[in-house]
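Encoded as structure tokens, the structure appears first; notes follow it.
The values are calculated or read from the model by the stated rules, or taken from the named source; none is laboratory data. What you are looking at is a predicted structure, and each value in this text was computed from that prediction instead of being measured. We place every Cβ from the backbone using ideal geometry, glycine too, and count neighbours over all the protein chains shown.
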């Protein structure tokens, strides 16, 4: 199955670096330097300790499927999923370039940027 | 039992319509307000507090207060999706205890069926400025597929099966057959559910609630007023509210905010899940019910599948009669928000006014729980524990 082919979301000052990096093919995460924890989705303020000492870091793009669902009532069925990143946080995405019947929770997946209908590319995952 | 309570539910009304192409949303709000006031034996002029949520047209309570031309001392439009109205009962009781109002009116109404707003399958039209929008919307998040992910993970962690989930729908259909207003009155089997089309794996069409027009209203009053009325005394003895989301990325979608709101409500009421004779459990999908039953402590976490199997939720058959009106799965899900009808059926049961075929004998203690928003992303939970005096 393939991606949803939606436009990329409107960006804002807090997160525009993520989309700039995505345009360059880099996947970055927001991490707190006060408590040391990365989080998702990216925020200026750490959701664990409320510190404003957060910064971007390069991420591996490796993860495992936490959960997924094949959305069948759509023009073209697609797989929505949560993927747990190697760095810890779990993020929402689509699983692409896959046979949906062969997916499983716990399966290893790898990030792939694909063009959106408009705007910067979106972070999807495919079987590793 | 004589527990002290600051407020009572004196009026409850469910609009009989399930399709209202010839009415406005504001009109439906006013019609249910009239119905609940008549049920209580009160009038419009007695109302001094008003509560509504995101289904009320206009900014918070402003337009509906103006439409109904109410003169109030207290308003509250806290919006936690479909569970808002159970939270409003709690907030009304708090406002009454604080002397801010004496007679609180809570309304819900909507017409998604007439408007063709099948929100379950359409990408959600959330506000692009809300901070999570940017990280979810583009991936085709819908109500259906986020609950699908909850069910998929629950099956993975606890071995829950589609057959077990189907029992929840089967129980609701057994109740709905006795409700002349219910949208789906045919009794279904486990096979019917698992053979219905898959809509968002592992959820089937019959794992999902109906889309209906309609509404409902409640009247919450101070004790002195409740005792002056001719209705059974239904007191609010425990309430809880909680919001739960993605936890900064430590996502856990097999536990709901009911684990928090329920604990608060039970502690306040001084009762346990084992004491509850009837439960209204929000049933947007079968998995929603299963997770709340676990999180409210009716069974151990992960054992919900076993608990609901074999008719354990069917009135007169099982340990925990639930949603004896047929619930959102079969009866009614007005405005895509099921919290109001959960409170209403709990009141019917406590008054002894449920359909005789599903009335729980000596029903003195009931629970109503609602989930609003989406279990798989962020949601509110509101728990009410009600007692007949």
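Entry remark, segment B:156-190: residues being out of contact with any helix residue (DSSP H, G or I) (no Cβ under 8 Å at 6 or more places or on another chain) and in a helix (DSSP H, G or I) number 2 in total. Among the residues making up segment A:71-90, those that are at pLDDT 95 or above and either more than 7 Å from every other protein chain (Cβ to nearest Cβ) or surrounded by fewer than 18 Cβ atoms within 10 Å (Cβ to Cβ) (or both) are A:79, A:81, A:83, A:84, A:85, A:86, A:87, A:88.
For the subset of segment A:7-43 comprising residues that are touching a residue at least 60 places away in the same chain (Cβ under 8 Å) and touching a strand residue (DSSP E or B) at 6+ places or on another chain (Cβ under 7 Å), which member is nearest to the other protein chains (Cβ to nearest Cβ)? The qualifying residue nearest to the other protein chains (Cβ to nearest Cβ) is A:8.
When segment A:96-117 is filtered for residues that are touching a residue at least 40 places away in the same chain (Cβ under 8 Å) and within 10 Å of chain B (Cβ to nearest Cβ), the ones remaining, listed by number, are A:100, A:105, A:106, A:116, A:117. Among the conditions (1) modelled with pLDDT of 95 or more; (2) surrounded by 14 or more Cβ atoms within 10 Å (Cβ to Cβ); (3) more than 10 Å from chain B (Cβ to nearest Cβ), residue A:120 misses just one, which is (1).
With respect to the conditions (1) loosely packed, with under 14 Cβ neighbours inside 10 Å; (2) modelled with pLDDT of 95 or more; (3) outside any strand (DSSP E or B), residue A:21 lacks only one, and its number is (1). Among the numbered conditions (1) more than 13 Å from residue A:111 (Cβ to Cβ); (2) in a loop (DSSP other than H, G, I, E, B); (3) more than 7 Å from chain B (Cβ to nearest Cβ), the only one that residue A:47 does not meet is (3). Scanning segment B:186-205 for residues that are under 25 Å from residue B:291 (Cα atoms) and away from every other protein chain (no Cβ under 14 Å) turns up B:187, B:188, B:189, B:190, B:191, B:192, B:193, B:194, B:195.
Regarding segment B:290-310, can at least one residue be identified that is buried (at least 24 other Cβ atoms within 10 Å of the Cβ), out of contact with any helix residue (DSSP H, G or I) (no Cβ under 6 Å at 6 or more places or on another chain), in the same structural domain as residue B:193 (by TED's automatic domain parsing) and at pLDDT 95 or above? Yes - at least one qualifying residue is present in segment B:290-310.
Which of the following residues is within 29 Å of residue B:143 (Cα to Cα), buried (at least 22 other Cβ atoms within 10 Å of the Cβ) and either away from every other protein chain (no Cβ under 13 Å) or more than 23 Å from the chain's Cα centre (by Cα) (or both): B:263, B:217? Criteria check complete, one pass: B:217. Outside any loop (DSSP other than H, G, I, E, B), touching a residue at least 60 places away in the same chain (Cβ under 8 Å) and not assigned by TED's automatic domain parsing to the domain that holds residue B:89, is that true of residue B:318? Here the answer is no, as residue B:318 does not meet what is asked. The lone criterion from (1) under 22 Å from residue B:7 (Cα atoms); (2) at pLDDT below 95 left unmet by residue B:112 is number (1). In the condition set (1) surrounded by 19 or more Cβ atoms within 10 Å (Cβ to Cβ); (2) within 14 Å of another protein chain (Cβ to nearest Cβ); (3) in a loop (DSSP other than H, G, I, E, B), residue B:149 is compliant with all but (3). Residues that are in a loop (DSSP other than H, G, I, E, B), more than 12 Å from the chain's Cα centre (by Cα) and modelled with pLDDT of 95 or more occur in segment A:53-62; there is at least one.
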